[in-house]
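Only one structure is covered here, and it is reproduced in the block below.
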Amino acid sequence: MASHWPSTSTIEKELQYQSALELNLTTFRAISHIPLASDVAKYARQNMVTRLDSYQQKDLRTFKEVVAVIDSQVIPIIRRSALSGFAIFNTELPVFFDQPGAPQMLADILAERGYFVYWQTRIREVPVRIDPATFAIECLRRTTMEFHIKFDRPLIRSSDALSSLSASSFLTATAAMASASSRSLMPHSATFDPR
């Protein structure tokens, strides 16, 4: 009767493999202060709710102004981009530059409503004049706040449904489709968008 216990060499190989996957202690100490993604995500919703309540209580004027901008400018852009699930809102409105918390406020409000938002400040040099004597180009610096807004897009075709499947479900589905198409006179095709 054969033994089901692993041999000594198998155990040694497994230990070598496991130790190769572990960071050196000095490397671990150098990076361990960086928070884990799971920890950041765990407290993100709680922090957002705290910030939203704080805006309502401590900065109501800016909060109402940002809500008005969302209503009048952001939502129309989102509605026009509904099929893509992605929208960009560019603005030079003073509220986003005069009130340092306004960009985060817009992101928090939209995040609470189910959108994924990040933003950045864009600085562009816009040519306004050429000096006729030196041909030097004079530029005006324009600063724009650019918000990228992502959200779930509607499934329009049956192939879109495949993009929402997990990788293993996708492989199972494509294998089934391949099997079905080999029995059919007309082959079927599907596209997979791994977003």
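Here are a few things to note about the model shown:
- No other residue among Gln73, Gln56 is without any contact (Cβ under 8 Å) to a residue 24 or more places away in the chain and within 20 Å of Met145 (Cα to Cα) apart from Gln73.
- Test: Val49 is assigned to a helix (DSSP H, G or I), surrounded by fewer than 17 Cβ atoms within 10 Å (Cβ to Cβ) and of a type in the set (A, V, I, L, M, F, W, C): yes
- Among all residues of region 79-94, there is none that is closer than 20 Å to Leu52 by Cα and surrounded by 15 or more Cβ atoms within 10 Å (Cβ to Cβ).
- Residue in region 85-104 that is hydrophobic (A, V, I, L, M, F, W, C), outside any strand (DSSP E or B) and either more than 28 Å from Ala41 (Cα to Cα) or in contact with a His (Cβ under 6 Å, 6 or more places away or on another chain) (or both) present: yes
- Take the conditions (1) under 30 Å from Leu155 (Cα atoms); (2) open to solvent by 90 Å² or more (accessible area, probe 1.4 Å); Leu110 misses just one of them, which is (2).
- Some residue of region 117-139 being more than 16 Å from Val66 (Cβ to Cβ), of a type in the set (Ser, Thr, Tyr), part of a loop (DSSP other than H, G, I, E, B) and open to solvent by 50 Å² or more (accessible area, probe 1.4 Å): yes
The values are calculated or read from the model by the stated rules, or taken from the named source; none is laboratory data. Here the structure is a predicted model, which means the values were calculated and not measured. Note: ideal-geometry Cβ built from the backbone for every residue, glycine included; neighbour counts use all protein chains shown. With ligands, DNA and RNA removed, areas are computed over all heavy atoms of the protein, side chains included. Shrake-Rupley method; radii C 1.70, N 1.55, O 1.52, S 1.80 Å.
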